[in-house]
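To keep things clear, I will list the structure first and then write my remarks on it.
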Amino acid sequence: ASVLPALSLPKVDEEACTLCGRCALACAPGALSVRASGGTLTLELEADRCTGCAACAESCSPAALAMHESLEAREGTAALAQIRSKLCLRCGRLFPEPASSSAALCPSCSASALRRAESAFPGYSRPA
């Protein structure tokens, strides 16, 4: 049995999207995926696989993704968002490169390093 095409499809506010991938993980039919290529992370939608369940929108903590009614053709793959990426020097994973930062560590490794610094140096306070 084939799935009927969704009446609502996800749309992304590229300014707010961090390409964290939570939406792709929440997408049970696998309509959303994050691809890495040439220093860029891309959120892709295979519209014909989307059921319109909105699990992706509900999982998006920056609220960058919302469902919108769409009567467009639902074939092929479309890029919903793109962001430049970097390779974390500590864990080796790709992470979105903030436009205003020269960070060498992904957010997870950066937070871990900060916690270690705070515990190693009592009285250490985060730079403003």
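The values are calculated or read from the model by the stated rules, or taken from the named source; none is laboratory data. Everything numeric here is computed off the predicted structure, so don't read it as measured data. Here the Cβ is made from the backbone with ideal geometry for all residues, glycine too, and neighbour counts use every protein chain on show. Only protein heavy atoms, including side chains, enter the accessible area calculation; ligands, DNA and RNA are left aside. Shrake-Rupley method; radii C 1.70, N 1.55, O 1.52, S 1.80 Å.
Summary of computed values
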item	result
Length released on extending from ARG115 to ALA16, taking residue separation times 0.36 nm less the Cα-Cα span	33.0 nm
Helix-only [θ]222 nm of the chain, DSSP H runs n ≥ 4, -39500 (n - 2.57) each, per residue, nearest 500	-5000 deg cm²/dmol
SER61 versus ALA103: modelled label distance in nm, points set 7 Å from Cα along the beta carbon direction	1.2
Size of charge dipole - region 1-66 - debye, nearest 20, with Cβ of Lys, Arg +1 and Asp, Glu -1, no other charges	160
Options [x] 1.00; [y] 1.09; [z] 0.92 - which one matches Rg/Rh (Cα atoms, Kirkwood Rh) as calculated here	[y]
Protein accessible area in the chain, 1.4 Å probe - carbon and sulfur %	54
